[in-house]
Amino acid sequence: MRIFSSLVIAFSTYSRLPMPRVDWTDANRRYALCFFPLIGLAVGGFLALWLWVCDLLAISAFLRGTVGAVIPLLITGGIHMDGLMDTSDALASWQPREKRLEILKDHHVGAFAVMVCAGYLLAMAGLLSECTLKNAPSLTACFLLSRAASAALSVTQRQARPGGMLEGFARTAAGKAVLICAAVYGFSGVLAVCARGPWGLLIPAALGAVTVYYIHMARKSFGGVTGDLAGWFLQVAELCMIAAVVLEGKLL
């Protein structure tokens, strides 16, 4: 029952998919991060369905990419995009670390957040306009890998802000179980993207590059990770990996 409760809490927190009600106790949250990557499978599944419809009805590349870019927001409720926008405002402020952490908590939206969000969605729409149903397995793997890496980083990196949502999940999480699950998800994702050939390694390479930069940026600019920074990481990692999917398709 506790495992099921952790699954429900993970999907209730990081998606807008209907879930039954459970008690949000520390015990029930213990394995929630273990199930976080499964939300990536749901996002990839809905995106694959949309690409199937696009191929079936010969829908234009513009509409294919536009709707495709919106699908992850509809499934997740924009929780990770919110982190990308808040982090962009904080980084663009060039303020001391304490002030940057305050900006992360500020509910107001700054100009840099709007520009980054608009640019991100345009880039994502452009990339997905190049994709067809045959790219669906690799795209789904991207959403899985980004969340597997995010879960692992959440329990291994220093928390910058005590009392935040991410800190609460990380504090109560079964760290070893989260890392084992993240490794299994990660291995499965890499196998999926490499199934079409060695160029698939571009995708985990993109994830690795974003991860290295993220750890450096989080420690230098914020003193550790937060929920907003985790959202920044997930969104940027997905954009870079999907760019690698498109590049892989051009090189095959």
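Laboratory data are not the source of any read-out in this text; all were calculated from the coordinates shown. These numbers come from a predicted model, not from an experiment. Cβ placement follows ideal geometry from the backbone for every residue including glycine, while neighbour counts extend to all protein chains displayed.
Things to note:
- Ordering of 227-233, 111-117, 32-38, 71-77 by packing is 227-233, 32-38, 71-77, 111-117, highest average first (other Cβ atoms within 10 Å, averaged per residue).
- Applying a DSSP loop filter and a limit of 12 other Cβ atoms within 10 Å to the trypsin sites (Lys or Arg not before Pro) in region 1-84 leaves 21.
- Rounded to the nearest Hz, the phi-derived 3J(HN,Hα) couplings of region 134-143 under the Karplus curve 6.51 cos²θ - 1.76 cosθ + 1.60 (θ = phi - 60°) are 5, 8, 4, x, 5, 5, 4, 4, 4, 5, where x marks glycine and proline.
- Positive contributions from Lys and Arg (+1) and negative ones from Asp and Glu (-1), summed over other residues with Cβ under 12 Å from the Cβ of residue 93, come out at -2.
- Estimated 222 nm signal from helices in the chain, with DSSP H stretches of n ≥ 4 weighted -39500 (n - 2.57), rounded to 500: -26000 deg cm²/dmol
- Cα-based reach from residue 250 at 28 Å (exclusive), listing lysines while leaving out same-chain residues under 8 positions away: 134
- Dipole moment magnitude, nearest 20 debye, the chain about Cα centre, only Lys, Arg, Asp, Glu C-beta charged: 520
- Magnitude of the charge dipole for region 1-115, about its Cα centre and with charges confined to Cβ atoms of Lys, Arg (+1) and Asp, Glu (-1), is about 260 debye.
- Spatial separation of Cα centroids for region 45-97 and region 192-252, in angstrom: 15
- Cβ-Cβ distance of residue 134 and residue 201, R₀ of 25 Å, FRET efficiency by 1/(1 + (r/R0)^6): the value works out to about 0.85.
- Global geometry of region 39-182, whether rounded, prolate or oblate, following the gyration tensor of its Cα atoms and the 1.5 cut on a/c: oblate
- Within the listed set 119, 175, 223, the residue fluctuating most in the Gaussian network model of the chain (springs between alpha-carbon atoms under 10 angstrom) is 119.
- In this structure the amide hydrogen of residue 225, modeled in the peptide plane, comes within under 5 Å of the amide hydrogens of 158, 159, 160, none closer than 5 places in sequence on its chain.
- Taking the Kirkwood radius as Rh and the Cα radius of gyration as Rg, the chain has a ratio of Rg/Rh equal to 0.96.
- Helix 202-222 and the longest principal axis of the C-alpha atoms of the chain enclose an angle of approximately 30°.
- In this rough spin-label picture, where each label sits 7 Å from Cα along the Cβ direction, the residue 41-residue 187 distance is 1.6 nm.
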